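Have a look at the structure below before the remarks.
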Amino acid sequence: MRLELIALALLAGACDKRERSPDPPSGSGSPADLPDPLRLDWQGLRYDLGSLGVIQATGALTQFGVYEDEQGGVHVTQDPGRATDGRGALDLDPPVLVDLDGDHHDESVIPFELRARATGDSVYGVFVFALRAGQPVQLGVVTTTAKHAFSVDGNAIKTAEGALWTWDPAQQRLVRKP
């Protein structure tokens with residue numbers, strides 16, 4: 001149970017402090033050539049949980065385990081034999097579409113709840129994905145106080161706390177506006 005709380009705390013801290021996203025592959029440049037974001041299999045994507053690791057979604061609700069490595073780091077796993085220190089779930093909702101980067105092609109903003117099964121504690125937020133060269137690329141994660149405590153405001157993501165997240169073309173990543 002202690003490790004589940006640590007894992008949730010690590011995720012909450014890591015999500016808003018994302019380093020630069022990997023450079024997405026460049027495409028042909030024409031918005032008509034870009035793939036349709038509605039075809040994104042959001043229930044089958046791999047979700048990067050920062051320092052905790054990566055989870056392969058197996059539907060709208062994906063179960064996982066938590067374990068501590070030899071150096072004391074806390075990680076998620078989907079290997080039932082390795083999960084020794086707790087269990088949790090990643091609960092996903094259908095995406096909201098918004099053109100964050102101005103390429104006239106919508107990105108997918110996917111609401112989530114990451115919860116520890118033993119304590120009921122949760123981290124809420126949205127994963128942001130784009131399709132680049134036909135492949136999903138996770139652009140970032142924005143955390144908030146509740147699963148649906150965000151809105152799309154023009155080409156930005158706004159949390160209930162008033163934080164505004166936009167795409168910075170110079171840095172090629174999501175940034176929080178003051």
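Collect the residues in the range 61-81 that are among the charged types (D, E, K, R) and in contact with a His (Cβ under 9 Å, 6 or more places away or on another chain), keeping them in residue-number order. Walk me through it before giving the result.
Just the residues of the range 61-81 that are among the charged types (D, E, K, R), to begin with: 68-70, 79.
Of everything in the range 61-81, those that are among the charged types (D, E, K, R) and in contact with a His (Cβ under 9 Å, 6 or more places away or on another chain) turn out to be GLU68, ASP69.
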Just the residues that are β-branched (Val, Ile, Thr) and closer than 19 Å to PHE129 by Cβ, please, taken from the range 141-171.
VAL141, VAL142, THR143, THR144, VAL152, ILE157, THR159, THR166
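Just need a number here: residues in the range 124-154 that are part of a strand (DSSP E or B), surrounded by fewer than 17 Cβ atoms within 10 Å (Cβ to Cβ) and aliphatic (A, V, I, L, M). Before you say what the answer is, go through the steps one by one.
Kept after step one, since they are part of a strand (DSSP E or B), are these residues of the range 124-154: 124-132, 135-144, 150-153.
Narrowing further to those that are surrounded by fewer than 17 Cβ atoms within 10 Å (Cβ to Cβ): 135, 137, 151-153.
After this cut, where a residue has to be aliphatic (A, V, I, L, M) as well, the list is 137, 152.
Number of matching residues: 2.
Counting only residues that are of a type in the set (S, T, N, Q) and closer than 14 Å to HIS105 by Cβ, how many does the range 136-165 have? If you could, list the steps in order and put the result at the bottom.
Initial filter on the range 136-165 (of a type in the set (S, T, N, Q)): 138, 143-145, 151, 155, 159.
Next cut, closer than 14 Å to HIS105 by Cβ only: 155.
Matching residues across the range 136-165 total 1.
Any read-out appearing in this document is the output of simple, stated calculations on the displayed coordinates, not a laboratory observation. A quick note: this is a predicted structure, and the numbers were derived from the prediction, not measured. Because the Cβ atoms are built from the backbone with ideal geometry, glycine has one as well, and the counts that use them run over all protein chains shown.
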